[in-house]
Amino acid sequence: MPTMKMIADAKQRMDATVETVRRELSVMRTGRASLSMLDGIRVDYYGTPTPLSQVGNLATPDPTLITIQPWDASLLPASEKAIRTSDLDLNPQNDGKLIRIPIPSLTEERRKLLVKHAHKHAEDGRIAIRNVRRDVNDHLKKQLKDHEVSEDDEKHAIAEVQKLTDQHIDLIGDILKKKEADILAV
């Protein structure tokens, strides 16, 4: 595999890792209503696990409330159950037409726990990026050993991959800082 293609592949894999971290952190609860919190919740829709956002209208009428109005009223109990059994610690209220999900403010202890959880997600992302770097570097060293690339090309490619690694780790750090500030904001 030519070195440029390998570097492009590494960049693509690192970008995907950053997006995964961004998505995982966006789902975390911060004390404010956000529809992305419900992204991972699936409702049994006639035997098919379907994302909550695809079975009704979701809205955030104010910063501490999410409302869900299923298109099919028979989905109210299943939607309510899916939210209750999720790991979001939310208590939905069903009035027969609409599900209201009040978002309680976070305690200091819960905030610290969420920050710790966010740091874990970010560190998992950093590890994944370093693993991509290691894979590419190992492949480059093998190519050098097999005389498929010159030493200069190998050194240049390793430096390029390190630069990509640093950029993506910094991106994850920025995402984490924003999420941490969001969680700790009272």
(request) With respect to residue 26, determine if the residue is open to solvent by 50 Å² or more (accessible area, probe 1.4 Å) and part of a helix (DSSP H, G or I). (result) no
(message) If the requirement is being open to solvent by less than 20 Å² (accessible area, probe 1.4 Å) and in contact with a Phe, Trp or Tyr (Cβ under 9 Å, 6 or more places away or on another chain), which of these qualifies: 55, 21?
(response) 55
(request) Give 75, 65 a once-over and let me know the one that is more than 20 Å from the chain's Cα centre (by Cα), open to solvent by 20 Å² or more (accessible area, probe 1.4 Å) and in contact (Cβ under 8 Å) with a residue 12 or more places away in the chain. (result) 65
(request) Report, by residue number, each residue of the range 86-115 that is assigned to a loop (DSSP other than H, G, I, E, B) and either touching a Phe, Trp or Tyr at 6+ places or on another chain (Cβ under 9 Å) or more than 26 Å from residue 21 (Cα to Cα) (or both). (result) 91, 92, 95, 96, 97, 98
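Name the one entry in 175, 158, 83 that is β-branched (Val, Ile, Thr), assigned to a helix (DSSP H, G or I), open to solvent by less than 40 Å² (accessible area, probe 1.4 Å) and more than 30 Å from residue 46 (Cα to Cα).
Details: 158 fails: open to solvent by less than 40 Å² (accessible area, probe 1.4 Å); 83 fails: more than 30 Å from residue 46 (Cα to Cα).
The conditions single out 175.
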(request) Inspect all residues belonging to the range 90-108 and state whether any of them is over 30 Å from residue 3 (Cβ atoms), open to solvent by 40 Å² or more (accessible area, probe 1.4 Å), hydroxyl-bearing (Ser, Thr, Tyr) and touching a residue at least 12 places away in the same chain (Cβ under 8 Å). (result) yes
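Would you check if residue 112 is within 30 Å of residue 166 (Cβ to Cβ) and either surrounded by fewer than 15 Cβ atoms within 10 Å (Cβ to Cβ) or modelled with pLDDT under 85 (or both)?
Here the answer is yes, as residue 112 does meet what is asked.
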(message) Among the numbered criteria (1) modelled with pLDDT of 85 or more; (2) open to solvent by less than 90 Å² (accessible area, probe 1.4 Å), which one does residue 39 miss?
(response) (1)
(message) Against the conditions (1) within 17 Å of the chain's Cα centre (by Cα); (2) of a type in the set (A, V, I, L, M); (3) open to solvent by 70 Å² or more (accessible area, probe 1.4 Å), where does residue 4 fall short? Just the number, please.
(response) (1)
(request) Please enumerate the residues belonging to the range 125-141 that are more than 13 Å from residue 6 (Cα to Cα) and without any contact (Cβ under 8 Å) to a residue 60 or more places away in the chain. (result) 126, 127, 130, 131
(request) Please tell me if residue 21 is touching a Pro at 6+ places or on another chain (Cβ under 9 Å) and outside any loop (DSSP other than H, G, I, E, B). (result) no
(message) Take residue 130 and tell me if it is under 30 Å from residue 69 (Cβ atoms), open to solvent by 80 Å² or more (accessible area, probe 1.4 Å) and not small (Gly, Ala, Ser).
(response) no
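The values are calculated or read from the model by the stated rules, or taken from the named source; none is laboratory data. The structure presented is a predicted model; accordingly, all values stated were derived computationally and were not measured. Cβ: placed from backbone, ideal geometry, glycine included. Neighbour counts: every protein chain shown. Protein only, heavy atoms only, side chains kept; ligands, DNA and RNA dropped before computing areas. Shrake-Rupley method; radii C 1.70, N 1.55, O 1.52, S 1.80 Å.
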